[in-house]
Structure formats: C-alpha cells, structure tokens
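For reference, the structure discussed in these notes is given below.
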Amino acid sequence: MNIVELIRKKREGHSLTEDEFRFLLSGYVEGRIPDYQMSAFLMACYFQGMSEQETLTFTTLMLHSGEVVDLTPIPGIKVDKHSTGGVGDKVSLILAPIVAACGVPVPMISGRGLGHTGGTLDKLESIPGFRTNLSIAEYKNVIREVGVVMIGQTKEIAPADKKMYALRDVTATVECIPLIAGSIMSKKLAEGIDALVLDVKTGRGAFMQTHEHARELAQTLVRIGTQFGKQTIGFITDMSQPLGMTIGNWLEVMESVECLRNNRGTNDASSDLMEVTHLLSGAMIMLGKKARTIEEGIEKSREAIRRGTAYETFLKLVRAHGGDISVIEDAGLRQPLPKFSIDVKSLERGVVSDIDALELGLASITLGAGRETIEDIIDPKAGIKLNKKVGDPVEAGDSLAVFYTDREDVLQPVRKRIENAFRVGFVKPATKPLVLDIVDKDGIRPWKWLPS
C-alpha cells in the first residue's frame, strides 16, 4: 500500500478497508509515516468524514494498537467519565473522588488540552510532584488502594491515539466526529472499565458548537460503547459560557478544591459547575450499582461532599500520585505568583447578557495556559478568573475578570479580547438549562432539568 494513495482515496470521499487503516496506523506508530502525511490524512477525514463501519474499524484498531488493561481482579464495577472538552471544564477533578468515595472504582485515563479547551492532565500536573505517567502496574495499585486513579496514556495504551492526539491539536483537525470518537473510545475501552458516562458539550466554548452535531457525536460514542459491551450513557450539556469561575490549570485546581471542601455551595458562583458534576457523578454511581437511579446517585454525590469523604479521597489520590498535598491543604502555600495580574473592568452599566467562552479559551492560550505547537510548555499559573457570569448585574468600573500571565507582550491584546468577550445589555437573559439531553442504547431524549 501507498500512503499517498490512501490520502487521495479519503480526500475523494471513499471508504478505507480494515487493512488500509491497519497499514496507516501501524506505519504512523512505527515512524514509517511522517507527521506531515498523517496531517494530510486527518484533514481529509475532517472534510470527508468516515462511515459508521470505518469509525468502528478505526476505533478498534486504535484500541488494539496497544494493551487492553485487565482490572477484573479489582472488586466492583469500574466506571469512568469522559468530557468532550470545554472552557473551564474541571469536572473530572471533583467527580472522580466523589464517585470513588461512594464505593465505585474510577479508572481514568485523561488527555491534555486540545485547541481552546483545557486538559485534565495539565491541570493535575500543576500540583507540584503529581505524576500522571504511572506504569500499568502503578495504575492498578493506585486504583486498588485509593479507588480512583487519573493518568495519561502510557506507551502501552492506544499508542496510535497518543501520537495522533497531539498532532490533531495543532493541525485544526480536532472537530471531526469520527476522529473524536476513535480517540475517546480507544482510550476508554483500553483502561479496563465496565461502564462509561459521557459529557458531550455544545455551544460556543465546545468543539461541537451546534446542538445537532453534539447529538450526532453523543450517539456515535454511545453506539461504540454499546457495541463493545460497555453500558454507556451520555449527556449533552451547555458550554455557551465557561463552566465555573476559572480558566487555567492551577486556578482550576484551586476552584475544584474549594468545591470539594464545600467552600462553594450550590447557590454561589460555582453552582453551574457543581450541577453538572453531581449529575455525571450520579449517573456513574448508578452504573456502579451503588444507587438505583440517577437521582439517588446525585443525592449520594452531594452527601460525599457534605461529609468530606470526597475531599479526603482527593487528598489520597494526590498523595498516591506523588503530589504535594500541603499545597492543597494550605492555600497560602501556592505556586509562585505570575508576574502580571490584570483586572478587566466593565465600561458600562447593565446586566451581563453573554460571555464568549471560545474567546476566553483562546485568550487563555495566549496567556500561556495552553499550547499553540506540540513543543509548547504550559505555564500552570496562567489563566483567567471570572468575577461575573451571564445574568449578573454590573456597574461601570466593576471587575469582569482578572487574568494572570508572565508574558508582558500579550497584556494589551488579551485585555481587549476579554473585554470584547463580555456583552452587557439592559435586560437579564432567560435562564437556560445546563443539561439538554440524555443518550443511551435506547436513543436520545430531552433531560428533565433539575436546578440545583
């Protein structure tokens, strides 16, 4: 076979066979196919898509490009959660210890930031000493001892995806349903799970910006999970404004810690974050047979926060990964402060009518919180702290947000970008539900909105 012929075949909209996909993926993993040719193939997929059979074949070969972990000796139904990514989405940091504290083992293999969205691994690695590159043996030991483990892809797990993931991030080929589905499900199916909960984001700050595309992706992911014999439930959630109050790795860790400590209740600034967290946790607890319904699982999730067991589990997790828990326990022992801390103020009086999550996500990359090239090193201190959300009243001169960076040359353009991301009007906008749909093997239907 010839890689150029395969690129041309996909460019013209034809389907590839299993042997052709195998040639392509094995050649890339083994270094016979260079990044520039794989980039061309990914772009062809972006424009031409894949058939349902191609997507399943692609996922299966990605999965079996490495080891499939066996966690059957560990008691319990192993359940994981995956989000398609959004601005300020730090749900995994709060959810994983909640679910583990409720007795459901959570084996989680996460990714780094993609495009304008942050990555769980980058957030965790902002905790001094926290290791995400555990071996498979260490991975099994941590979940056995703590009930939850959060690592990145090892060289053994879906190596084809590991290499391709970074390439998609810097070649504008992220927002492609077959590529997203293959990437997500190859990792999740390889980590030893029995069941999976999916959070498919839609809106300006998501990769699937339209509800229609989010529904299509959710159904694709659930269909693949079901075909592999894993009970899979998906939710479509709104990402038209950032989730929670922070964007950026260390900032998001600290917000997550405050939520775990219950310093942020259900009626304050992080209520949207906790609404999504409790819903997804509740679904995981149900799939793990520790609750009969999602609603009962939600209540158990809230109880784990109230009783402090989720926070204690988080500390155990950080310790097991080699992280410095003193930084978590004592807010005064923070990482070095960024050189610049800039307040962005409102120029007018009124009500915040919209916040452009995509613009804020892109601004955070400029500050150093994300990557523009594969080689970029993330600054954990960089990011944005929101002081206003949609629906909040604002006076001229009020702080809309504060941004943090070590990069002096970006201060003025980022200030302007953040100013423009906030829209202030005279009428308070209608409240929109955070959770739109639920997707399972029986299809897709609207989710009844349960405000916190």
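Name the pairs: first residue in region 211-227 and basic (Lys, Arg), second residue not in a helix (DSSP H, G or I), Cβ to Cβ under 7 Å, at least 6 apart or on different chains?
Sorted first by the residue in region 211-227, then by its partner, the pairs are Arg215/Ile236; Arg215/Asp437; Arg215/Ile444.
Using the structure shown, decide if Lys90 is on the phi < 0 side of the Ramachandran plot, in contact with a strand residue (DSSP E or B) (Cβ under 6 Å, 6 or more places away or on another chain) and crowded, with 22+ Cβ neighbours inside 10 Å.
Answer is no for this residue.
Can you report the number of residues in region 192-222 which are buried (at least 24 other Cβ atoms within 10 Å of the Cβ) and either of a type in the set (Ser, Thr, Tyr) or out of contact with any Ser or Thr (no Cβ under 9 Å at 6 or more places or on another chain) (or both)?
3
For region 416-429, enumerate the residues that are surrounded by 14 or more Cβ atoms within 10 Å (Cβ to Cβ) and within 16 Å of Glu348 (Cβ to Cβ).
Result: Ile418, Glu419, Ala421, Phe422, Arg423, Val424, Lys428.
Looking at region 233-249 only, could you name the residues that are touching a Gly at 6+ places or on another chain (Cβ under 7 Å) and surrounded by fewer than 24 Cβ atoms within 10 Å (Cβ to Cβ)?
Asp238, Ser240
Given the options Met185, Met150, name the one that is surrounded by 21 or more Cβ atoms within 10 Å (Cβ to Cβ), assigned to a helix (DSSP H, G or I) and either among the basic types (Lys, Arg) or in contact with a helix residue (DSSP H, G or I) (Cβ under 8 Å, 6 or more places away or on another chain) (or both).
Just a single option satisfies the conditions, and that option is Met185.
How do the pairs read when you match residues in region 120-145 that are without any contact (Cβ under 8 Å) to a residue 40 or more places away in the chain with residues anywhere that are buried (at least 23 other Cβ atoms within 10 Å of the Cβ) and part of a helix (DSSP H, G or I), using Cβ under 6 Å and keeping only pairs 6 or more apart or on different chains?
Short answer, once both residue conditions are applied: Thr120/Ser92.
Are any of the residues in region 192-199 farther than 20 Å from Ile438 by Cα, within 17 Å of the chain's Cα centre (by Cα) and in a loop (DSSP other than H, G, I, E, B)?
There is no residue in region 192-199 that is farther than 20 Å from Ile438 by Cα, within 17 Å of the chain's Cα centre (by Cα) and in a loop (DSSP other than H, G, I, E, B).
What's the number of the condition Ile444 fails, among (1) within 20 Å of the chain's Cα centre (by Cα); (2) part of a strand (DSSP E or B); (3) under 30 Å from Ile224 (Cβ atoms)?
That leaves (1) as the condition not met.
Among Asp161, Asp169, which is within 29 Å of Gln241 (Cβ to Cβ) and in contact (Cβ under 8 Å) with a residue 12 or more places away in the chain?
When all the criteria are applied, what remains is Asp169.
Return the residues of region 306-330 that are under 21 Å from Met274 (Cα atoms) and out of contact with any helix residue (DSSP H, G or I) (no Cβ under 7 Å at 6 or more places or on another chain); say none if nothing qualifies.
Arg306, Arg307, Gly308, Glu312, Glu329
Every number in this text was worked out from the coordinates using simple rules, so none of it is lab data. If you're wondering where the values come from, they're calculated on a predicted model, not measured in any experiment. Cβ: placed from backbone, ideal geometry, glycine included. Neighbour counts: every protein chain shown.
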